[in-house]
1. Would you mind checking which residues have amide H under 5 Å from Asp121's amide H? H placed 1.01 Å from N; only 5 or more apart, or other chain.
2. Gap in Å between the Cα centre of segment 22-57 and the Cα centre of segment 73-131?
3. For segment 108-173, evaluate the Debye formula with one uniform point scatterer on each Cα (no solvent term) and list log10 I(q)/I(0) at q = 0.14, 0.24 Å⁻¹, rounded to two decimals.
4. Strictly over 23 Å apart at the Cα level, which of Lys124/Lys159; Lys92/Lys149; Lys124/Lys149; Lys124/Lys153 would you flag in this model?
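Please treat every number below as a calculation from the coordinates, not as lab data. Just so it is clear, the model here is predicted, and its values are computed rather than measured.
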Amino acid sequence: MKHPSPVVGIVMGSDSDLRIMGEAAEVLEELGVSCEVSIVSAHRTPERLFEYAASAAERGLKVVIAGAGGAAHLPGMIAAISPLPVIGVPVKSRNSIDGWDSLLSIVQMPAGVPVATVAVDGSKNAGILAAQILAVSDPALLDRIRIYKENLKSAVLEKVERIEADGWKALRG
């Protein structure tokens, strides 16, 4: 079975970021959005970064999710090169300052080079945001997102019922 061409690119600076960035791929898969996942280091492979960002739109991508820790230049550099929307995921890495350095690096983009930014280690929200961006022109995807959000609501209400019926200890597992 042939998979559809990816419309979301998920990149990260290192394979150690995959444990976080994989959540974006999982939620996109759940929503039926095709994606590609790769490693593109802004500092160790600058030529690869430039090629990836410069060719993203021509390859059919519509949104790029870029996760990075430490100095976190990857999302901003992709946004500087590509005309596509970029969602930055600050990753709390072993050399970060609790993820604050990454968050501030990604948020503080100069005028004209926007990067939408989610919470530290928030790649699941990045995946949902990418799907919502795509859903503006895809009514079927918009319906899948509505269902996804209804399921979130249902899960909370089920917990409310459990806690009301059995007390707070029922949710402790």
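1. Under 5 Å from the amide H of Asp121 lie the amide H atoms of Val91, Lys92, each far enough along the sequence or on another chain.
2. One Cα centre to the other: 13 Å.
3. -0.66, -1.00
4. Violating the 23 Å limit, Cα to Cα: Lys92/Lys149.
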